[in-house]
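In what follows, a single structure is set out as structure tokens and then discussed.
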């Protein structure tokens, strides 16, 4: 394995700035690594070697002439296939969008390009981001680099696995109910869901508009902050985007990395621990909390009683919005078109029906049906309307908790990575993966998942989640970086160093 | 028209003898904003298909709407002009249904939180005032336009294939919905027409829309139901779409009254449905059945933030509203010196704005009214179009009148000038030039013609010499005939009298 692929984005940025390497070398190293391991990992749905190398050459020219576009100019990145990329296929993991090449860039993608980050390709995901294992991708599952027989989490399993397998130093994911943080936890990587409105959703193919947020998927907290500062900030094309400057995230990550948490009030959410959490996950979580206490933090237990209703609430709001969002996939303008069999001169409606029947997978259909039902007249108040009320209560629970604590902590996911296929036939068991991550999406608050160790029982990664009040994204970076420092010191090196080498002879 | 019946249609009089009509009008107004409701695409009419589109109005995956602030301002001004309350906080909602001309398969509209609600407009009909209550005015986006190619009807059924033009998709629309209008009886058709005409004048005055019915920038759906005469209950309604001229509004109401009356009189039930208006045949035909169970699964649009217009801003907009149409009319009537009847006829013909513009272009009030209400009204009627749709502008009319005043053409020639203008031959001056319509004012030629007329009619000449001036008409007629009408009759008369004095 090339040494370059093991480096963090921050290290690569320094090396590029110092002229010790070139973006072409770094990008080629990633492409080589992808060629080497991705047939086993399947993190990517599409690799754009030519485009990435062209962008790398341009970055090298800027570096050479002293006009770097950003701190990360020349550091390659992988992008979840739910973000529109001009000239690059965008499938959302669905057959229905097979072959669609968007004529425009998502704002996040445009910002990556403007900052000079070569885009390596598009990463695998559960179809339309519906899932917690990436097994619902129409193009086959992604495999967890820690154990290729296990899931990498989802929906952004491709982005997390790409980073965990050293195929990319950086990736962008999206998080509707945990799709950045839960894959981060089960792959031993870092994932951040920014404050709702903190990163533009323009060009993000919506799953649930009121919940979706794009964010960084990386190996270190500092890298996440660096990437967040590139993609974040106000966008006039997204009406829900926050019109104020981002907090100083990189600075917060650097401060936190000193490990100093004196005076920090840490709230442990009673409803997000204990029952339902795997023993090894809980154990690593308790240790992480103890490390913070040892470093000077004050720990309080907080209660957020409505969190127990968060999952049910989420599974009404999400399908409702999704059922409407996905209506546009009708074979009329782009994407798959299926003509119904045995029908001569089919009508537009018949083509729509046949296409949607063939083009959508079971999980997508399940949620369209639930959402359509939840919005139906006569049921709206009982389901969608009621869910919005509970959502308000979840926000109030957060507000009350943040009066007692600066940040809230919980395990990110209740279990370590499970085996491929294990929960595929049990949707509710699959949904439970996001138990701890969903409340943040309902309330729009930011959260980070950082590796907390390996579970004793299976030796697989576990994650700890740090949540902060809306707009206080800097706080999740400060505390996330402190945890990372304290834990890494304890481990004697990054957790990912203990992941199995995927390559053969070239190690 | 009032007594003609076709199979299945009761005469208007018979229908009203047995039933009371209830009207409801839904008017869609395309705003004339430079850009669309939720993106920056241009809105010009008549561009090449699918050239004024972008990821947002094409509903491409990932694209997001941003509200056009000017459209919101226009919506509020319309609401205020219709005496509506303006919501202090409201949202857009998604109206979900599948149709190929809807890029997202939902229309971004407003549902239970319209920007404007509970207003009214006082409509003048035959010298009476009828108050039409406004239920709501809300913002939404237009759909694309389907073109069904092949087949006889231009409808989707029987078409070989269909094309969709998305230039119109996302154009800002304001939907103005009346409350049920009851008790108008035989005036129902004229009330409907007058309401739309007055609404059009109001929108024109606000400057928020081109209000060109023939281009679809003002579209009217007519809801109509019948109840047994004297009954309080409302009957089953139909919604007639595609009613795209003032004349059609009136005709469609009249037709539906007759049709529904026939259905009910035969003991059958009126089907709640959408019906299509056919301008050419003057009838409505059944469209899709529209039951109350149709479920659009409305929910608040999560990609947009609520609209919360500040009170101060709304009050500023209110203060800056133009004069309301009725006050405007009263003032104009005084200024122009029209009688009540003249004013009513002018308004009734939908000519108020045209007359006003013609006067602004220099014509006298009387001449402006005369041209529009006689000559132009006759031509519009012949062509089956509204006055405003005639290919003649107020400026043209004013110019023709100026030519008359200058003695360059007489009334008869003026009508020929209008023929030319309507035929697309150019401006009035160009038509006069091309058709050689100028009055002969060459004194020598006129004088010679008069001499010839006197010589040819010695008896008449003698009478005039004897003081029977009234007899001059015969000589003037002879001269005019010789000059093919292209002479100033007044001058001819002067010459005749001079020569025979």
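Nothing in this text is a laboratory measurement; each read-out follows from the coordinates by a stated rule. None of these values were measured; they are calculated from a predicted model. Note that we place each Cβ from the backbone using ideal geometry, even for glycine, and neighbour counts take in every protein chain shown.
Could you give the C-alpha radius of gyration of region B:323-435 expressed as a fraction of 2.2 N^0.38 Å, taking N as the number of residues it contains?
1.05
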Inset, instruction - Enter the mean number of other protein chain beta carbons within 10 Å of the beta carbon of each residue in B:50-63, as an integer. - result: 6
Inset, instruction - Sticking with the crude label model, points 7 Å out along Cα→Cβ, report the distance from residue B:465 to residue A:301 in nm, one decimal please. - result: 13.4
Legend entry - Theoretical FRET efficiency, 1/(1+(r/R0)^6), r = Cβ-Cβ of residue B:416 and residue B:48, R0 51 Å, to 0.05: 0.85
Legend entry - Whole-Å distance, taken between Cα centres, linking region B:242-298 and region A:440-507: 65
Legend entry - Equivalent ellipsoid semi-axes, region A:5-124, via Cα gyration tensor eigenvalues times 5, rooted, Å: 25, 17, 10
Legend entry - A:355, A:218 arranged by Cβ crowding within 10 Å, fewest neighbours leading: A:355, A:218
Inset, instruction - Restricting things to alpha carbons, tell me how big the protein assembly as shown is in terms of Rg and Dmax, in Å. - result: 37.4, 136
Inset, instruction - Please label the shape of chain B as rounded, prolate or oblate, based on the square roots a ≥ b ≥ c of the eigenvalues of the alpha-carbon gyration tensor (a/c under 1.5 means rounded; beyond that, a/b larger than b/c means prolate, else oblate). - result: prolate
Inset, instruction - Please find the FRET efficiency linking residue A:396 to residue A:456, where r is the Cβ-Cβ separation and R0 is fixed at 30 Å, and quote it to the nearest 0.05. - result: 0.20
Legend entry - Theoretical FRET efficiency, 1/(1+(r/R0)^6), r = Cβ-Cβ of residue B:215 and residue B:98, R0 22 Å, to 0.05: 0.20
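Considering every residue in B:94-107, what mean count of other chain Cβ atoms within 10 Å of its Cβ is obtained?
Average neighbour count from other chains, rounded to a whole number: 4.
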Legend entry - Spin-label proximity, residue A:244 to region A:446-482 - amide N less than 18 Å from point 7 Å beyond Cα toward beta carbon: A:446-447, A:468-477
Legend entry - Inter-centroid distance (Cα atoms) of region A:250-315 relative to region B:77-134, Å: 50
Inset, instruction - Just check region B:443-499 against the gyration tensor rule for me: Cα atoms, a ≥ b ≥ c as the square roots of the eigenvalues, rounded for a/c under 1.5, and otherwise prolate or oblate depending on whether a/b exceeds b/c. - result: prolate
Legend entry - Packing-based ranking, highest mean first, of A:59-70, B:175-186 given that Cβ atoms within 10 Å are counted: B:175-186, A:59-70
Legend entry - Degrees separating the helix B:489-499 axis from the principal Cα axis of chain B, which is the longest one: 10
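Among A:206-216, B:412-422, how do they line up by average Cβ neighbours within 10 Å per residue, starting with the highest?
My ranking of the peptides, most packed first, is A:206-216, B:412-422.
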Legend entry - Intensity falloff of region A:265-393 expressed as log10 I(q)/I(0), Debye formula with alpha-carbon point scatterers, at q = 0.19 Å⁻¹: -1.03
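Of the DSSP beta bridges with both residues in the protein assembly as shown, give the percent that are antiparallel, rounding to the nearest 5. Walk me through the numbers before you get to the answer.
Details: 88 of 108 bridges.
The answer is about 80 percent antiparallel.
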Inset, instruction - May I ask you to work out the translational diffusion coefficient for chain A at 4 °C, viscosity 1.567 mPa s, via Stokes-Einstein with Rh from the Kirkwood sum over Cα pairs, reported in whole µm²/s? - result: 58
Legend entry - Peptide B:297-310, shielding by other chains (average Cβ, 10 Å cutoff): 5
Legend entry - Fewest-first ranking of A:100, B:371, using other Cβ atoms within 10 Å as the exposure measure: A:100, B:371
Inset, instruction - For each of B:269, B:95, count neighbouring Cβ atoms within 10 Å of the residue's Cβ, then give the residues from fewest to most. - result: B:269, B:95
Legend entry - Cβ crowding within 10 Å averaged over residues, with A:288-296, B:312-320 ranked highest first: A:288-296, B:312-320
